[in-house]
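> Have a look at this one.
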Amino acid sequence: MKEAFIGGYLIDGTKEAKTIKADILVEDGKIIKIGKFDLDGVEVIDCLGKFILPGLINMHAHLFGSGKPSKNLGAKSKSQEILVSFVNSKMGRPVIDKLVAKHVETELLSGVTSLRSVGDFNCSDLRIRDKVNRGKLIGPHMYCSGAAITVPSGHGDGTFAQSASTPEGLKALVDQRKEQGVDWIKICVTGGVMDAKRKGAPGEVKMSLEQTKAVCDEAHKLGYRVASHTESPDGMRIAIEGGVDTLEHSADFSLEDQKILKERNGALILTFSPAIPLSMLPPEVTKLNEMCIFNSNVIMTNMIKGGQEAEQAGIRVGLGTDASCPFCAQYGMWREVWYYAKMMKKTPAEAIHHATLVNAEILGVEKITGSLEEGKAADLLIVAHNPLNDLNALSEPYLVVKDGTIYKKKPEHNKFIDEQLKALQEKLLSA
Ligand SMILES: [Zn+2]
């Protein structure tokens, strides 16, 4: 079956972001022609005056949560422990799967046509990915790490991560991931905001160079690339020298490590969606103590520095939402694009380029998606207003298309999150 998207302006996802008025012809889920063509026997989709972009790629998502902040943010409670052990049990499996299925649908309906998930419970993301691929569920193209790997008391240990301390134990966890059918390996070299023990020192190093190297060597031997939760300069050194391919969240790093990462063709994945609300929303809203807010600010400052250093060194910088974190909704990728432009001082065109083609390159799927080109998948985000004038245009898709299939349904929103983040956006604009 052929379908034609006609009358729209194309923003093709390349660095130059050429905006051209052209029609797109799709056959069997692929773009076969951009320009003018015969409409005989073709289903026509009227996009008159609309803007057509490549679908967004979310490089860093967790799929178990809605982003709604809980009352006891970060506090390790007995009730949380009970919930985690239930979710990880055989009985909990259908419960977590149902949540993840709902969340991947939300991601797609918000314009995300590919995503990488980096830490799950009970292998849920892998099962949902397979169901999406078989057409049983609605969702983006998914690339999943399964549960993350760390050391005892490392970030996520006992929740979305599993731990071991010896090199042999860590390698065994990588081997287990292969059996589970993952696409990436995710590790947590440092802690996060909630793990910090003192003011000014978030991203405490948890994995040693030897432990990091053990995981990366085994992963590379098996043909996987490794993503690492890394939130401090010390962590950047260990992660990069240990062999990590993508640094998640990131911080500033030395010239020597920039050289190593560039040679490896590695990347940084910035995630402003948790960093900005946690550091900037009032404590009455986030329920964070003064130390956590201070440390969130340190993380955000370091993230910007790391991103700037990477760009100067010619290292790719991608973006993801860290969906499931407090205030990081599954429909929030458009906002990450907006934050990225604001914090990294980029034009909307540059931010869109990073959220589409650059993310595709980091993911290794640039030959099949990430830009509007003949031969690539018909993965499209169609919006009513020009995002090059205002990235808020991306927040309300007119249509989302994945592999040529059209989705019109609107994702469910959380009013509280939207109100808080809208106020933050205004604050950032006036700053
Ligand atoms: Zn994360």
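> Mind checking which pairs have a first residue in region 132-157 that is among the β-branched types (Val, Ile, Thr) and a second that is at pLDDT below 95 and assigned to a loop (DSSP other than H, G, I, E, B), Cβ under 9 Å, 6 or more apart or different chains?
Once the first residue is among the β-branched types (Val, Ile, Thr) and sits in region 132-157, its partners that are at pLDDT below 95 and assigned to a loop (DSSP other than H, G, I, E, B) give THR150/GLY156.
> Out of ASP125, ASP97, which single residue is in contact (Cβ under 8 Å) with a residue 40 or more places away in the chain and either over 16 Å from LYS206 (Cβ atoms) or assigned to a loop (DSSP other than H, G, I, E, B) (or both)?
Exactly one of ASP125, ASP97 is in contact (Cβ under 8 Å) with a residue 40 or more places away in the chain and either over 16 Å from LYS206 (Cβ atoms) or assigned to a loop (DSSP other than H, G, I, E, B) (or both), namely ASP125.
> Residues of region 146-159 being surrounded by fewer than 24 Cβ atoms within 10 Å (Cβ to Cβ) and either hydrophobic (A, V, I, L, M, F, W, C) or closer than 12 Å to LEU63 by Cβ (or both), which ones?
VAL151
> Looking at region 187-238, which of the residues that are of a type in the set (Val, Ile, Thr) and outside any helix (DSSP H, G or I) is nearest to MET300 (Cα to Cα)?
Checking each candidate, the answer is THR230.
> Would you confirm whether any residue within region 7-22 is surrounded by fewer than 19 Cβ atoms within 10 Å (Cβ to Cβ), modelled with pLDDT of 95 or more and either outside any loop (DSSP other than H, G, I, E, B) or touching a helix residue (DSSP H, G or I) at 6+ places or on another chain (Cβ under 7 Å) (or both)?
Checked region 7-22: at least one residue is surrounded by fewer than 19 Cβ atoms within 10 Å (Cβ to Cβ), modelled with pLDDT of 95 or more and either outside any loop (DSSP other than H, G, I, E, B) or touching a helix residue (DSSP H, G or I) at 6+ places or on another chain (Cβ under 7 Å) (or both).
> Scan region 107-122 residue by residue and report those that are within 16 Å of the ligand (Cβ to nearest atom) and part of a helix (DSSP H, G or I).
GLU107
> Right, another one. With LEU268, LEU261 as the choices, which residue is at pLDDT 95 or above and within 16 Å of the ligand (Cβ to nearest atom)?
Exactly one of LEU268, LEU261 is at pLDDT 95 or above and within 16 Å of the ligand (Cβ to nearest atom), namely LEU268.
> Say whether the condition of being of a type in the set (Ser, Thr, Tyr) and within 14 Å of the ligand (Cβ to nearest atom) is met by at least one residue in region 243-250.
Yes, the conditions are met somewhere in region 243-250.
> While we're looking at this one, here's another question. Against the condition in a helix (DSSP H, G or I), more than 16 Å from the ligand (Cβ to nearest atom) and surrounded by fewer than 21 Cβ atoms within 10 Å (Cβ to Cβ), how does GLU284 come out, does it pass?
Judged against the criteria, GLU284 is a match.
> Among the residues of region 119-145, write down those that are in contact with a strand residue (DSSP E or B) (Cβ under 8 Å, 6 or more places away or on another chain) and open to solvent by less than 40 Å² (accessible area, probe 1.4 Å).
GLY119, ASP120, ASP125, LEU126, ILE128, ARG129, VAL132, PRO140, HIS141, MET142, CYS144, SER145
> ASP252 passes all but one of (1) in contact with a helix residue (DSSP H, G or I) (Cβ under 6 Å, 6 or more places away or on another chain); (2) of a type in the set (D, E, K, R); (3) crowded, with 21+ Cβ neighbours inside 10 Å; which number fails?
Among (1) in contact with a helix residue (DSSP H, G or I) (Cβ under 6 Å, 6 or more places away or on another chain); (2) of a type in the set (D, E, K, R); (3) crowded, with 21+ Cβ neighbours inside 10 Å, the lone unmet condition for ASP252 is (3).
> Residue check: is LYS36 in contact with an Asp or Glu (Cβ under 7 Å, 6 or more places away or on another chain), surrounded by fewer than 16 Cβ atoms within 10 Å (Cβ to Cβ) and under 20 Å from LEU394 (Cβ atoms)?
So LYS36 fails the test.
> Further question: Please find, within region 58-94, the residue that is surrounded by the most Cβ atoms within 10 Å (Cβ to Cβ) out of those that are basic (Lys, Arg) and touching a residue at least 12 places away in the same chain (Cβ under 8 Å).
The extreme case among them is ARG93.
> Moving on. In a helix (DSSP H, G or I) and farther than 24 Å from LYS409 by Cβ - does that describe any residue in region 136-159?
no
> I've got another one for you. Of the residues that make up region 51-69, is at least one away from the ligand (no atom under 16 Å from the Cβ) and in contact with a Cys (Cβ under 9 Å, 6 or more places away or on another chain)?
No, region 51-69 has no match at all.
The values are calculated or read from the model by the stated rules, or taken from the named source; none is laboratory data. Because the structure is predicted, anything quoted here is derived from the model rather than measured. All Cβ positions, even for glycine, are placed from backbone atoms using ideal geometry, and neighbour counts span all protein chains on display. The area values use the complete protein model at the heavy-atom level, side chains included, leaving out ligands, DNA and RNA. Shrake-Rupley method; radii C 1.70, N 1.55, O 1.52, S 1.80 Å.
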